[in-house]
Structures are given as C-alpha cells and as structure tokens.
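Worksheet: the structure to be examined is printed underneath.
The values are calculated or read from the model by the stated rules, or taken from the named source; none is laboratory data. Nothing here was measured: the structure is a model prediction, and the numbers come from that model. Heads up, the Cβs are rebuilt from the backbone with ideal geometry, glycines too, and the neighbour counts pull from every protein chain shown. Each accessible area value is taken on the protein alone, full model and side chains, heavy atoms only, with ligands, DNA and RNA left out. Shrake-Rupley method; radii C 1.70, N 1.55, O 1.52, S 1.80 Å.
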Amino acid sequence: QVQLVESGGGSVQAGGSLRLSCAASIYTYSIYCMGWFRQAPGKEREGVAVIRTGAGSTNYVDSVKGRFTISQDKTKKTLYLEMNSLRPEDTAMYYCAARMGYSSACLNSGNMGYWGKGTLVTISS
C-alpha cells in the first residue's frame, strides 16, 4: 500500500507562488508515475502535472505549462509541485496520486491507484 500525504497548500495573492509537497511511504520503480491533480468546486478533477518516477520525464496540462514544475526527490520519497504566477483559476483542492505499473496516460486521474487526502490552494485576485 502506498500512503501519500500532501502539504504546502494555503492562500496567496494572484501572481504569487506556492510549493506543494507529497510524502510517500514508498518510492520505487514499482511506482510508474506520480502526479498532482486538482478539483475546483463544481468541476471535474483534472491532471495538473505528472512525472514518471523511473525516467523522470514530465507532463503538464496546458494551462500550467511554464508556470508549474513537478519534481521528485527519491531519497526523501517526496514529490513536489512548484507553482508560480498563480491565478485565481488555480484555486482548487490539490491531490497527490500514484500509479503502480505502466500507463501511457498518467495525467488521466482514472489511471491513478493511490490518492492523498488533498491540500487546499486558494488564489485571490
């Protein structure tokens, strides 16, 4: 079982920055990809950024490209999401997730098997 615990959420002004962290109970090649997903009130959960733990390659949803950066520290078993130039539309509950085994679509939330409880990010204008 993979346990995921997010931290780093909060309230910031538009244009500001936040860094989210996700501590994982295990972080090995058996976990094919990990990522960040978000869900705003009344909207569907969407993939924000994912990383293939072995290769280190990343994918982002178009709306955050150039602003967000996903990274990992395997030694610390921690996943990060650096968010810059934040916008009000980034306001959402952000979840850390992981998948065991290969997938060609890690940005699809339905392909993730393990989820954290989320950390709230609120961006004011």
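What the table below lists for this structure:
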quantity	calculated
Count of Lys pairs (Cα-Cα under 25 Å; at least 8 positions apart or interchain) in the chain	8
Probe 1.4 Å, accessible area per residue of the chain, Å²	50
In Hz, Karplus ³J(HN,Hα) per residue of segment 93-104 (6.51, -1.76, 1.60; θ = phi - 60°; x = Gly, Pro)	7, 9, 10, 8, 9, 9, 10, 8, x, 5, 8, 8
Sites matching chymotrypsin sites (Phe, Trp or Tyr not before Pro) across segment 28-125 that sit in DSSP coil, with at most 16 neighbouring C-beta atoms within 10 Å	Tyr29, Tyr102
Normalised convex hull volume, the chain, alpha-carbon set, Å³ per residue	92
Relative contact order, percent, the chain [alpha-carbon distance under 8 Å, six or more residues apart]	36
Calculated on alpha-carbon atoms, Rg and Dmax of segment 30-87 in Å	12.0, 37
Residue-by-residue Karplus 3J(HN,Hα) for segment 34-42, coefficients 6.51, -1.76, 1.60, Hz, glycine and proline x	9, x, 10, 10, 9, 9, 8, x, x
